[in-house]
Each structure stands twice: as C-alpha cells, then as structure tokens.
Amino acid sequence: MKLRGRIVDVGDEREVETKYGSRSLAEVTVRPEGDGWVPDGGQTDSGDADHGRAARGEDGDGQTTLGDADGETSLSDADGETTPAERDTGDGTVRLTLWGKWTHTVEHAEVGMELLAIDVEESEYRGETTYATGGDSRVVLEPGFLVDVTDIRSWVQCPRMYYLNKLSGIPLNYPVVKGTIVHEVFGDLLRDRDLEDSIDERVREAGLELGLLGRDADEVRDEVRRNAAAIEGWLQQGTLTEEDAWRSEYTLISPTFGIKGRADALRRGMPVELKTGKNTNREPRFQDKIQAAAYALVLAERGVPADTGTLLYTKNTALERHEESGDLSPAKEFSIGDGLLDFVVRTRNEIAAMEFDVSVPTGYEADARCEYCFEQDTCMVVSGRLDQESKAGQIGEAVPEDELEYFERFYRAIEAERRAVHAEYRKLWEQSAEERAEDDRALIGLEPAGNEELDDGRWEMRARKSDDAVSKLREGDVALASDGDPVDGHAELCRIRELGEAVVVTADEPVSLRRLDVYPSEIGVDRMLTALHDFVLKGDPDRKDVLFGRREPEFADGDASEGGEGDREPYVDNNAAQDRAVQMAVDAEDFALVHGPPGTGKTYTIAQIVAALVDRGQRVLLSAFTNRAVDNALEAIRERGIDDVVRVGTENGVREDMLDVRLERGGDPNERAAALRDAPVVAATTSTCGSRVMRENAFDVALVDEASQLTEPGTLAAVELADRFVLVGDHEQLPPVVQASGTQRGAASPNGSSASGEEPRPANDLQTSLFERLIETYPDASVLLDRQYRMSQRIQAFSSREFYDGALRPANGAVAAQRLSDLGVDEGALPPALGDPVAFVDPDGERVGNTNPTEADRVAEIVDAYVAAGVDPDDVGVIAPFRAQVAEIGRRTDVTVDTVDRFQGSAKEVIVVSFVATDALDGPIFEDYRRINVALTRAKKALALVGDAEALSTEPFYERLLDWARR
Ligand code: SF4
C-alpha cells in the first residue's frame, strides 16, 4: 500500500537492537491527504513481482515482527516493548517507521513537506494498525516537485554544482554546442540517416553558435565525425540485432518519484545515455550511471523494468594517440539493481528537500574534488559575491547587504514561480482528460489522420479535431502529443505546425495523435534566475548604484525634464511629449522611461527613438515581452527607413512580414556570427534575450517595449546586455503575469484599496515591473505621452481621470469628437440604450459559475444592434472576464470575443464589456482595476458596458464608473 500526506513530525534516527542485530530506525508522523491510503496496484505500483514478500507473523514470544525482505525490520524494540511510534495516533495522523536505508529521509524531511511512501507494510498489533517500510518500499519527499534527471546527475557530482548550474545558466561554450550536435547525429543514426548527411546538416544548423565561438565548420565536422564513429561502430558491432527496438529522445515523467527528463535513447526498453566526453575506465562514471538509473526508475513505474543501462562515451573514438590507454570501447553497460534505484530516489529527495523552503541554497560540497571541477571559477565567484562558505574558496568582494537581500527576495519569488510551473506539470496526471480540455490545457478526442516520415527522419503527424474545441495551445508551441494518455501511454514532445480543423505536429518519433497537451516549460523561470544572477553578481556597479537607489539617474543635458527645448530640430513635430521622450532616450546616461497610456503613439515614438540612436552610431537592442510587440516596433522602424535590422526568433514566432530580416541560424559560422554581431539593430523578445546566443551580445542601448508587463528579472535579461536602457510601458495597464498563487498584489487601484474591498494581499516582487518601480522612484526620468489618438473625448474621460490624473487628452479635435457616424453608421438606428457613445446596460442576469447566460444574450443583442446600424462586424470586439463567458458569448455572435489579457495592445471601433458578476465582484477583471482600464480603452467610438448595476455599485470605483457611463 502507499501512504501520502503532509509531515507533521519528524523523529530522530536511532539504533535499535533487533533479533537480526543492530538496525537504524526513524519515525515520521504524517497526516494522510485525500486518497492518502491506497492499496497496491494503483498507479504507484512499481510492478515489482516481489511485492509483499515481507514476512509478517508472530515470532516465538508472541511479538509481531515486520521483517522486510531481508528480515531486517522488527516491531520489537531492543527491550521487547512495542515501538509506540508505529501506531495510528488516533488524531488523524499516522506514524511511519523508516528502517535501514530509508532512515536517511529524516535528515532531510521537514514538517509541512509532502511524503509519499510506496509499498509500505501494514500490520495489526494488539488492535493497533502499524506501518513501516519494508524491503520493497520507497520513500519520496515532495513528490510534486519535479526534479530533472540531469540535476540529479549534477548533484551526485557535487551538490553545489547543481546549484551553480541552476543559478548561472550554462553559457555558450564549445563543449555544449558540440555535445548537442553529437546528440542530434546520434538521433539521426538511430533513425537510419546517412552519417555524412546528418553531420553536414547538424553542423550547418549550429552555424550561428559555432561562429560566435570562432569555430571553423570543417574542424567541427571532423570532430563530430570522430565522435560519431563511436556510435556508428557500436551500432554495427553486432551487439544489436534486427529485433533491437530503438527509440531516440524519450520524454519521461514520473508522478510517483517526482522526476522528469528526456532519455537520449531506449534500446529494448533499456536506457542509453550518450556522453561526449571520454571514459577509459571499464565502468561508466558513477554520475552517468545514476542518470541512466533515474530513467530506468521512471520506466519501471510505467511497467517497463529496465535492468541494464548503457553509457556511450563518444570521445573514446576521438582520442589523441597519447591518450589511448585503458578501456577504449565507447559503450559501457552496467546492471541496474534496486540499490541503485533506491539511491536515485534518495538523491532526488535531497534536492527536493533542499528546494522546499525556496530560500537561496548555498549548495554544499559533499566529498567533491574541487581541483578537477570545471565549475571551479564560477563556484569561487558565486561564493565570493554571496559570501558563502565554499570548499573551493572565494573570489571577489561580497555584494552589499541590500543587494543580497534583493537577490534573496527575487530568488524566492522566482522559485515560487517554478513551483507554479510544476503544479502545471502535475495537472497532466491530476486532471482527467475532460478536465484538462475544459481548462483549455488540452485538445482531446483527436482522430489520427496519418503519420508521415520526413526527409530528416523526423515525423509529421496529422489528426482531425472532432469539435470546435479551443485551448491555450498555439501554432509554433512545443506541446505533448500522445495516444490519449500523456503520462502512462505513449507521448512525444512535438512542435505544433497547424492548429485548425486539421492538427499537424512534428516530432522525433511517431505517435498515434489522439491528444495534444500544453507542456509547461521552466525556461522562463530559468532565464529569470540567470538574469538575476548576472545582474547582482556580475552587473555594472555604476548601474546598480542607480537601480538600488544610491544615486539619481543622469542625463547628458543635466536636466531630464527639459529635453526638447532649445534650438535643435524637433525629433517629432506636433507632439511635445513624444519629442521629449526621444530627447530623453538620446540623453539618458543610465535609463529613460517612456510612459505611454493607450493610443498615445508608443510604437511611433519607439521608431523615432531607435532612428535617433542609430543616427548617432549607437547599437540598439529592441525588445518586448511578446513577439507581437517586437514585430510591431520593428515594422515601424523599417517604415522609418531603417532596414539594417536583424530579428532573432523562431520561424513560428516571427510575423510573416518580418521573416525576411529573421536571423537564420544555420549556415557558414563566420557569416552567421557577423550577421548578428554587425547589425546596428537587433530585435528579440526579452525571453530570447536570456538565451545563450543573445547573452554573447553587447549593445549601447536596450529599448524594451511592454516593460510594464515584464517582471523585473525578465526586464533585466534584456537591459543587462546594454550600457543604457529605455523602458516603454504603462503601469496603469496589465501588470506582469505571475502564476504563483496567493501572491498577487491586491489591486493597484488609484486609491490604494483592493478591488474586493479586502486588505491587499502581500506583494510578490515579480508582480511589480522594473518600469513601475523606477517610475515611482525616479519620476523625473520619465515622460508621459499625454496625447492619445484612439478614443473619443467621452470614452477617454474616465480612464484619464482615474488612472492618469486627468493628464491624458485627445491629440486633436477630430480624435475627441469622433463618432460612429464617421463610419457611415446610422446612429439614429441604434436602440435608445446605445444612443450615447458610452452606455451601461443591466440585463438583470444571474451569474452561473463563470458565465452569465442572460448577460451573454444581451451582449449578443447589443452586437447585433451595432451591426444592424451599419458597424462592420470586424470593428466590434467583446471583452469578458472568464473564458467560459467568452465561449458563452462566442456561441451567440461571430465578432471577436476574448479576455482582457488577449485584448491588450489592440483596439476596436466598438467595444462591449461583459462583467458577469451579479453578487460578489470576483473574477480576473476585478482583481486589479488596471484590467478595467485596459478594457475601457480598447474602444474608439462606442463603448457598451453590460453588467449588474447593484453588484457594481458596492464599490466606490465601480460606482464612479456607473456614474460616468450613465451620464
Ligand atoms: S569547485 Fe568544488 S564545491 Fe565548487 S562545484 Fe566544483 S566540486 Fe563543487
């Protein structure tokens, strides 16, 4: 049986005398949760046929014994008395006795952690139920925390190495790039590709990276060829027969052991790992064995017990003559026994336990031998800067106390975010297929429509959608394609090519495509952490002085607020604020902030700023949170006549009309590197700025759009690549998206109260953008674009008053006075309720879950009325707070219906807002007044608000909204 629950007490490890000799024992008290008690045979069954072989019975003197497989546990204490800790405690908690190797758990267990014990022994003693580990048991700490197999490997080498890899990211270096190429060639060979074709293509694909590293393609090809000889030779050795079943790159997730990873290959169900280093010993390296064993553990959980692992050391065939001693055979097999698997679980537990309190770990050296460690320099710098004890020693001075505190705060926030990503992973098995579909996390019930092998040996899979289901999945996303069961069935990581009625994906291996799931990624979290590390530990001290409030930002003219005056030619005619924004950006010696409310010409201003900087010979990084914003800005820049630009991004991410300037990664290394290095303007999302390739670049100025939607570390990923930076955003619109629950800021309402009337919840540091923090600290370093070109005077009035201190105004009379009649619409044909450009309609509906069907009916009628009066349906948009209401309304109309988040950045002539709430004002739209600001400011000429007046008037903010709308 298995036991799962929260730990409420952790006992000490101690030695007891049993009739089998002296044994160690420890106890934990657990409060079982949910289905905490589950008989064996469920999904946690390891498939071990020996399960239950523990001897249960009465020994000679009538005492119950609970011997495990080798008879080492006993319910009798040394003096013959029952161990009280093994009883059901009667308060809903149970105590579990850990014997032998599992006593190690208590060194790491803490109250509050989740514990999962599988194959525990249950027995009765004097009316009490008792539990203990037996010979087949395994104990898992924090099973919901998914530890990557490669992290287990690093930890085994040195726990501090795990921590360093996590913190500083892996930089662009030749061994990593070469390793990736060799792995790809390995996959190609398994797919029967021609070796030379594969090497040519894979080296070509890595052209950009190799160029940045100053490598020559011929030499790399040669080196890869020599490494590939190990693979080829082994494949031809006869070790493998025709029946050998091969699979490359196998994605594995273990819900039981909290492990995820991608095995390089499986051969007859056994893990094969490729290492591009050498190993001339007969045995594989221990850490490599552990890596392969971790995959074996996960495979066993899926009912495929693997008792042999293979390590393929490809450099063994590429050694210089003087190195050729020892065992040169590249392939080394080893047997995987229970002991090794248990070791994997215990090591994984150590990592999960260390990560439990999300504080900055120091890592520790265990018995690592620092003198042979490749990470020694990084290790010493990190310990020096963070003032940590380290066996390797310290380099440099510790960062000041306030920077250390900042580092710790953000580290915690980022790790909380990681846990939110892990919670997303868990939903893969915690939610049923239907629940995931309902939550828009999966497309289910797909009908396979054929798989086709592509020229490169990969596969294209097609399926048909049987209904009009929608999901969060988008073309270009990496997703999990499966035969219907992504965890226990056959699943492959894939890239989505098409997502219409036909679903088309590509993957390394074919799968019968019946289901497509969102596959959560930790890349964003990893990159935030690296950006934080680079900024605090390696950042320019001068910049840190400003960002940590030790000095004011400086401008070339000495007074930021005055830019634009004097006798210079204006950068922008007829808009003083935009002109001043350009001047500030040009003059900024640290940074400038451009505050752009809706419709104020941010993109145009960005183009002017970039042009002015390029004119001065500055190299500019143009970045934004989304691909859409990057491409919009790039388009404006090109329209401004700047064509020497490079767009870094994936083919799917970059808008079609910007693909001509997209940086092709494959090709001649020198050429590719020059294309990136020499470009005066490089455009990429902030996430891409955290990539290895982009981290190799340096710029004079980084200009970041949508900066108010970015977390502080997310912004740092871009701005740390440049000497100076310009942030463009509006902190009165949507804040950064943070997933960690319970940590959202209450509401950034103008009056500081929370929208729900409750006290604001504790702030999460990620929830406040760097833009917002800086504009509040240094208002003089900012300029407000105060003229808007979008909304009529009537529509913009509420937003201007509530969010911009009344400073926002229409750019001219035509903008202010615009009406639907300008579009040829017969306003007289509209019903009286919609006679005014801002209308409020109370349909007297009732909220049902996250929908309000009556309100949906009314919204559809309103849309119809506008269309009937002559509004083009493409000019109408409907905003609703919940996806469910979006779907509800979507069933009643063909116009665009979406959530606020999806509408940010766009505008329509007519906007209809559905509030849904009829009682308490809860829902995403009410969490933050800024969402309302976004919703209202999407409209140009007409705005209809549909909601329950009584509910809305329970809050002063919405009361003011009603007054304005009903005026
Ligand atoms: S230098 Fe020493 S302590 Fe640091 S990561 Fe390497 S082995 Fe571990």
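Assessment of region 408-416 against the conditions (more than 30 Å from ASP485 (Cβ to Cβ) and of a type in the set (Lys, Arg)) yields at least one matching residue. The set of residues from region 261-306 being in contact with a helix residue (DSSP H, G or I) (Cβ under 7 Å, 6 or more places away or on another chain) and farther than 21 Å from GLN157 by Cβ comprises ALA265, GLY269, ALA306.
Give the residues of region 924-953 that are without any contact (Cβ under 8 Å) to a residue 60 or more places away in the chain, farther than 17 Å from ARG801 by Cα and touching a Leu at 6+ places or on another chain (Cβ under 8 Å), sorted by residue number. Across region 924-953, the qualifying residues are ALA951, LEU952, SER953. Of the helices (runs of 4 or more DSSP H) lying entirely inside region 617-701, those carrying at least 3 residues that are within 24 Å of LEU210 (Cβ to Cβ) are 669-677, 686-689, 692-695. When the residues of region 93-111 are narrowed to those that are of a type in the set (Ser, Thr, Tyr) and over 15 Å from LYS2 (Cα atoms), which ends up surrounded by the fewest Cβ atoms within 10 Å (Cβ to Cβ)? Checked region 93-111; the qualifying residue surrounded by the fewest Cβ atoms within 10 Å (Cβ to Cβ) is THR103. Considering only residues that are under 25 Å from the mean Cα position of the chain (by Cα), part of a helix (DSSP H, G or I) and of a type in the set (Asp, Glu), which ones fall in region 871-912? Passing the criteria: only ASP901. Tallying residues that are in a loop (DSSP other than H, G, I, E, B) and either without any contact (Cβ under 8 Å) to a residue 60 or more places away in the chain or within 16 Å of SER521 (Cβ to Cβ) (or both) within region 445-501 yields 21. What do you reckon, is LEU164 within 16 Å of the ligand (Cβ to nearest atom) and either touching a helix residue (DSSP H, G or I) at 6+ places or on another chain (Cβ under 6 Å) or farther than 14 Å from PRO669 by Cα (or both)? Criteria met by LEU164.
Candidates in region 157-188 are the residues that are in contact with a Lys or Arg (Cβ under 9 Å, 6 or more places away or on another chain) and aliphatic (A, V, I, L, M); of these, the one that is nearest to LEU312 (Cα to Cα) is VAL182.
Meeting the requirement of 1 or more residues that are under 21 Å from the mean Cα position of the chain (by Cα) and within 16 Å of the ligand (Cβ to nearest atom), no helices (runs of 4 or more DSSP H) wholly within region 350-441 can be named. A Cβ distance below 9 Å, combined with a sequence gap of six or more or placement on separate chains, defines the contacts here; from region 378-396, residues that are free of Cβ contacts under 8 Å to residues at least 60 places away in the same chain reach residues that are more than 8 Å from the ligand (Cβ to nearest atom) and of a type in the set (Lys, Arg) in the pairs GLN394/ARG385; ILE395/ARG385; GLY396/ARG385. I'm trying to understand the selection: among the residues of region 1-20, which are surrounded by fewer than 16 Cβ atoms within 10 Å (Cβ to Cβ), in a strand (DSSP E or B) and in contact (Cβ under 8 Å) with a residue 40 or more places away in the chain? Those that are surrounded by fewer than 16 Cβ atoms within 10 Å (Cβ to Cβ), in a strand (DSSP E or B) and in contact (Cβ under 8 Å) with a residue 40 or more places away in the chain: ASP9, GLU17. For region 633-649, filtering for residues that are out of contact with any Asp or Glu (no Cβ under 7 Å at 6 or more places or on another chain) and either touching a residue at least 60 places away in the same chain (Cβ under 8 Å) or basic (Lys, Arg) (or both) leaves 3.
Here, each number is a calculation from the coordinates, and none is a lab measurement. For clarity, every value in this text was computed on a predicted model and none was experimentally measured. Cβ sites come from the backbone with ideal geometry, for glycine too, and all protein chains shown count toward neighbours.
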